[in-house]
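Read-outs: derived from the displayed coordinates by stated rules, not from any lab. Just so you know, these numbers come straight off a predicted model, no measurement behind them. Glycine also receives a Cβ, built like all others from the backbone with ideal geometry; neighbour counts cover every protein chain displayed.
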Amino acid sequence: MPAKRRVTIALIAEEAGVSVPTVSKVINGRPEVAAETRRRVERLLHKHGYRRRVSQSDGPAGLIDLVFSEIESPWAMEIVRGAETAAREADAGIVVSVLHTHAGPGRDWLERIAARRTDGVVVVASKLSATLQGQLNARATPFAVVDPEGEPAPGVTSVGATNWNGGLAATRHLLELGHRRIGMIGGPADMLCSRARIDGYRAALETAGVTVAPELIRHGDFLVDSGRDHGHALLSLDDPPTAIFAGSDMQAFGVFEAARRRGLRVPDDLSVVGFDDLPLARSAWPPLTTVRQPLQDMAAAATRMVLAMGRGEPSQARRVELATELVVRESTAPPRAGRG
C-alpha cells in the first residue's frame with residue numbers, strides 16, 4: 001500500500017492549478033487573490049486538513065481574540081471578565097471583536113487577524129462555518145466556541161452550560177409553589193441554549209402532568225425589550241399565566257416592566273424567574289429568582305483550552321458543559337388564592 005502523500009502547500013497548489021505563492025497568500029489572508037481562486041484553494045485546504053507549521057521560536061503572541069455577535073448586555077461583560085482572567089494568568093491580553101451578526105466570523109474578520117499574530121480565537125454565541133474552521137486550522141490557529149448557537153461540528157471545542165437542567169429546575173420551582181399556568185419566554189428558536197431551556201421547561205410540566213400550552217411559549221432575543229413585549233402578550237391572554245420563566249435575566253427585567261405597566265406586583269400577582277444570575281439580579285427589586293450559569297467560568301475555560309491547544313497540549317475534552325444552579329430570591333411566591 002503506497003504511503004500517504006504529505007499535505008504541503010505545493011500539493012495544494014498542484015491540485016488547485018495555481019502557484020505556491022498564491023496558496024501562501026490565501027493561507028495568510030492576503031487580499032490580492034481572485035475570489036474564485038481563493039474559494040478553490042480554501043476548499044482544498046479544508047478537504048486535506050492542511051495545517052501550517054508554526055515555528056516554536058516565534059513564541060506566543062500574547063493575544064487571544066474574543067469574538068461576539070453583539071456586546072450590548074451585561075451578559076457579554078461577564079464573558080469578557082472570564083476570558084480576561086484566564087488570559088491574564090497566561091500573561092496574555094484580549095482583543096474583542098463585535099460582528100453584529102449571528103452568522104459568525106467572515107472573511108473580512110479573518111483577513112484582519114491574519115495581518116497580525118494571535119494565540120487563538122474564542123467565538124461567543126455564534127456559528128462557525130466549515131469554511132472558517134478549515135481556514136483557522138490551515139493557519140494553525142486554535143479556536144473554541146462559548147455557548148454555541150447551534151450543534152458544534154465534530155472536532156470543534158465548545159463550552160456551554162447545562163441549559164436543559166436549568167430549564168427543568170426553574171419550572172419545577174414554580175410548580176412546587178403551586179403554579180400551573182406558567183409562561184415561557186425563550187431566546188431565538190434556532191439557538192441551542194434556548195431550545196434546551198424550553199425543552200427543560202416542557203419536561204418539568206409533562207412530568208408533573210401539566211399540559212404544555214402552546215400559547216404560553218414565546219421566542220425573543222434575550223434582551224429587555226423582548227421580555228417586555230412578550231410579557232405584555234402573555235399577560236393579555238384571556239387566561240394569563242400566574243408565573244413566567246424568562247430565558248435570560250434581561251428578559252425577566254422586561255417582564256417586570258410589563259407587569260408594572262399593567263398594575264401587577266411581583267411576586268404577589270406574578271412570579272418571575274430569569275436565567276444567568278447577572279450581578280443586576282441581586283440588586284433588582286424584587287431580587288430576581290434565577291438560574292445561575294457560570295458565565296465567567298465558561299469563558300475562562302474556553303480561553304484556557306485555546307491557550308493549551310496553542311502550546312500543543314492534548315485536549316482533555318472537546319465539549320464541556322458547566323453546571324447551572326437555581327438561585328431562589330424574592331420574585332417568586334405561591335399564586336394568589338383561586339389561581340394556579
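Determine, for S226, S24, the number of other Cβ atoms within 10 Å of each Cβ, and report the residues in order from fewest to most.
S24, S226
Which of A83, A61, A144 moves the most in a Gaussian network model of the chain with Cα springs under 10 Å?
In this elastic network of the chain, the residue with the biggest mean-square fluctuation among A83, A61, A144 is A61.
Could you sort 294-303, 13-22 so that the peptide with the highest average Cβ count within 10 Å comes first and the rest follow in order? Show your work: numbers first, answer last.
Numbers: 294-303: 23.4, 13-22: 15.5.
So the peptides 294-303, 13-22, ranked by packing, come out 294-303, 13-22.
Computed FRET efficiency, Cβ-Cβ of R116 and E257, R0 41 Å: what is it to the nearest 0.05? Before the final figure, lay out the partial values.
Numbers: r = 43 Å, r/R0 = 1.06.
Once the sixth-power term is evaluated, E becomes 0.40.
Could you give me the percent of Cα pairs per 5 Å distance bin for the stretch 163-293, shortest bin first, beginning at zero and ending with the bin that holds the maximum distance?
2, 12, 25, 27, 22, 10, 2, 0
Arrange the following residues from fewest to most other Cβ atoms within 10 Å of their Cβ: T207, T242, T171, T162.
Ordered from fewest to most neighbouring Cβ atoms within 10 Å, T207, T242, T171, T162 come out as T207, T162, T242, T171.
Could you point to the label whose value was computed as P(r) over Cα pairs in 20 Å bins from 0, in percent for the structure here, given (i) 32, 62, 6; (ii) 25, 39, 23, 12, 1; (iii) 30, 45, 21, 4?
So the structure-derived entry is (iii).
Using a 10 angstrom cutoff on alpha carbons, build the Gaussian network for the chain and name the most mobile of D119, D147, D268.
Of D119, D147, D268, the Gaussian network model singles out D268 as fluctuating most.
How many nm is it between the label spots at H232 and D91, if each spot is 7 Å from the Cα in line with the beta carbon?
5.6 nm
State the extension gain, in nm to one decimal, for the chain segment bounded by A34 and H48, taking 0.36 nm per residue of separation less the distance between their alpha-carbons.
2.9 nm
If each residue of separation counts as 0.36 nm, what is the full-extension length gain between R319 and E151 once their alpha-carbon separation is subtracted?
59.4 nm
Quote the convex hull volume per residue of the stretch 137-233, based on C-alpha atoms, as a whole number of Å³. Display every interim value, and only then the final one.
Numbers: hull volume 11.3 nm³, N = 97.
In the stretch 137-233, the Cα hull volume divided by residue count equals 116 Å³.
Please report the spacing between the Cα centers of the stretch 202-236 and the stretch 267-290 in Å, no decimals.
So the two Cα centres are separated by 16 Å.
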